[in-house]
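Quick notes on the structure that follows.
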Amino acid sequence: MELKNGSYLLNKAKKGKYAVGAFNFSNLEQLKAILNAASKKNSDVIVQVSSSAIKYMGLNVIVPMATALAKDLDIAVCLNLDHGKDFEIVKQCVDAGFTNVMIDASSLSFEENVKITKQCVEYAHKFGVSVEAEIGSLKGVEDEVVAKESLFTKPQDAKKFVELTGVDSLAISIGTSHGAYKFEGKSHLDIERLKEIEKATNIPLVLHGASGVGEELKQKFVASGGKIGNANGVSDENLIEAIKFGICKVNVDTDLRIAFTTGIRNKLKDETNFNPRDYLLEGIKEIEYEVSKRIDILNKNRIN
Ligand SMILES: [Zn+2]
């Protein structure tokens, strides 16, 4: 199929009480792995790139690559810009053929965030491209977007923001953070806040920083020779609950980075191996496994 816009996937998910996985990639192997797994599960999927991934691969490469791979599949695939920081990058991605873009001006004032988001929405909608924005901020670092401490999304701000900008989906802060070290203790999300935001906005909501960094993944990483300490992520139970109350898009990056590295490192233990196709294939297999597992969780309470 040709690439579909984000609203097409997310509005379906909202009705069906499930979430679409949004998986980051930085190269052909990761992209192929994500699409293979989604296709085997017959599940719609969002593939996305950050600004650094764009710098690494080049916009002129990303769009043809995603378009060509999606064309042969029966599932809906959306190509998204993750954390676009200004109108310029959003415009570049819309012009290049992305089908969804995220503008993240959440580190600016409410008024500035509204202004920039509105500008992006007006531009993107002219080309049938849907827009995700963010309000509230997450702990941790993702690309150039840094938030010093967690600032949870306020339901009334979210309502006003959606009305003023006409944005299609909204990333909210309810306790997650980016990276592999998310919680001091047990995984916890502010579900009451989520319910209020969902009621106030009634649009598909997005959970960033939603990697699980689960035991199995960590053990495999360590067994391959990696070190990851007391990394942890969002528990499956928390994630399922969040989807029940309005999360329609779940971003996963860290889990796939860990999986890819595990596969490659395992293969490279054979010191005589210098065949990239050989060891990259092991990375692909590990990503496929993780994506499949994640898709099952995202569809746990699906009703249609
Ligand atoms: Zn994010």
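Between Lys159 and Arg302, the C-beta separation translates, for a Förster distance of 30 Å, into a calculated FRET efficiency of about 0.65.
Exposure proxy shown here: for His178, His125, the number of other Cβ atoms within 10 Å sets the order, fewest to most, as His125, His178.
Values of log10 I(q)/I(0) for the stretch 220-304 across q = 0.10 Å⁻¹ run -0.33, by the Debye formula with one identical scatterer at each alpha carbon and no solvent. Note on the stretch 153-233: the alpha carbon radius of gyration divided by the globular reference 2.2 N^0.38 Å gives 1.39. Give the shape of the stretch 7-58 as rounded, prolate or oblate, defined through the alpha-carbon gyration tensor: a ≥ b ≥ c are the square roots of its eigenvalues, a/c under 1.5 means rounded, and otherwise the shape is prolate if a/b is larger than b/c and oblate if not. Note, shape of the stretch 7-58 comes out oblate.
Put a dot 7 Å past the Cα of Glu237, heading toward its Cβ, do the same for Lys71, and the two dots end up 4.8 nm apart.
Rounded to the nearest 500, the 222 nm mean residue ellipticity of the chain from helices alone is -15500 deg cm²/dmol, with -39,500 (n - 2.57) taken per DSSP H run of at least 4 residues.
Computed from the alpha carbon atoms alone, the convex hull of the chain holds 119 Å³ per residue.
Note on Glu112/Glu2: beta-carbon distance plugged into 1/(1 + (r/R0)^6) with R0 of 25 Å gives a FRET efficiency of 0.10.
Result for the chain in a Gaussian network model with C-alpha springs under 10 Å: among Val63, Val47, Val77, the largest mean-square fluctuation is at Val63.
The Cα-based radius of gyration and maximum Cα-Cα distance (Dmax) for the stretch 162-301 are 17.4, 60 Å. Hydrodynamic radius of the stretch 1-160 by the Kirkwood approach over all distinct alpha-carbon pairs: 16.2 Å.
Read-outs: derived from the displayed coordinates by stated rules, not from any lab. No experiment lies behind these values; they were computed from the predicted model shown. Methodologically, a virtual Cβ is constructed for each residue, glycine included, from the backbone with ideal geometry; neighbour enumeration extends over all protein chains shown.
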